[in-house]
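Have a look at the structure below, then the notes.
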Amino acid sequence: MQKIVINWPRLFRYSLLFIVFSMSVTIFMLIWFSSSLEDVWNNGISFSTTQLIISFELSLTLFIFISFPVLLFRFIFFFSKMIYRGRKPDIAILNIQTLFNPVNFLLFPSLLSPLGMDYRRRCIISLILLISLYLLMMLIIN
């Protein structure tokens, strides 16, 4: 866990990107459900707080539906690369050192090569993002 670095400017850019994404989805929904452009303009000016909250929750839900499979695929991809290319040459996939469980490669970095440590870092970041996304999804539902 000592090699995981959080890049705060990058995270800030992603949060700004999400704000732009949610605003564009809100504008798109406003245009889609209006009958004319004049109606869009009038509804855009008199946008209520409840409509804004609903559109924000819809854009957040769309964001979750897009990013959840992407993060899951990213974890599976880097985990498989870590298992096949990142372990040390004398370590088998199923052995007593991993307690016959390949997931334990994430817990025991001494079994990995430097390339495997990089794949492990990417797997852990994907898992952290997946868990935070799942918790965010649970907050939206409740």
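Arranged by the count of other C-beta atoms within 10 angstrom, fewest first, what order do Phe68, Phe28 take?
Values: Phe68 15, Phe28 12.
Going from sparsest to densest Cβ surroundings: Phe28, Phe68.
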Worksheet item: How large is ³J(HN,Hα), in whole Hz, for each residue of region 129-142 in order, when computed from phi with the Karplus curve 6.51 cos²θ - 1.76 cosθ + 1.60 and θ = phi - 60°, using x for Gly and Pro?
Response: 5, 5, 5, 5, 5, 5, 5, 5, 5, 5, 5, 5, 5, 8
Worksheet item: Around Arg87, which amide H atoms from residues at least 5 apart in sequence, or from another chain, sit under 5 Å from its own amide H, with H modelled in the peptide plane?
Response: Ser113
Worksheet item: Along region 65-74, what does the Karplus equation 6.51 cos²θ - 1.76 cosθ + 1.60 (θ = phi - 60°) give for ³J(HN,Hα), rounded to whole Hz, x for Gly and Pro?
Response: 5, 7, 7, 4, x, 5, 5, 5, 5, 4
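Before rounding to the nearest 500, sum -39500 (n - 2.57) across all DSSP H runs of length at least 4 in the chain and divide by the residue total; then give [θ] at 222 nm in deg cm²/dmol.
Working: 4 runs with 99 residues, N = 142.
Using -39500 (n - 2.57) per qualifying helix, the result is -24500 deg cm²/dmol.
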Worksheet, complete the sentence: Charge dipole of the chain built from unit charges on the beta carbon (Lys, Arg +1; Asp, Glu -1), centred at mean Cα; most positive-end Cα among Ile131, Leu94, Trp41 is Leu94
Response to the item:
Sequence order, region 80-89: Karplus ³J(HN,Hα) from phi using 6.51 cos²θ - 1.76 cosθ + 1.60, θ = phi - 60°, Hz rounded, Gly and Pro as x, gives 5, 5, 5, 5, 8, 10, x, 7, 5, x
Worksheet item: Most mobile of Ile76, Ile96, Ile53 per a Gaussian network model of the chain (Cα springs, under 10 Å)?
Response: Ile96
Worksheet item: In nanometres, what is the gap between the two model label sites at Phe28 and Val103, each 7 Å from Cα along Cα-to-Cβ?
Response: 3.5
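Only the coordinates and a few stated rules stand behind these numbers; no lab work does. The shown structure was predicted, so the numbers you read here are calculated from the model rather than taken from an experiment. Methodologically, a virtual Cβ is constructed for each residue, glycine included, from the backbone with ideal geometry; neighbour enumeration extends over all protein chains shown.
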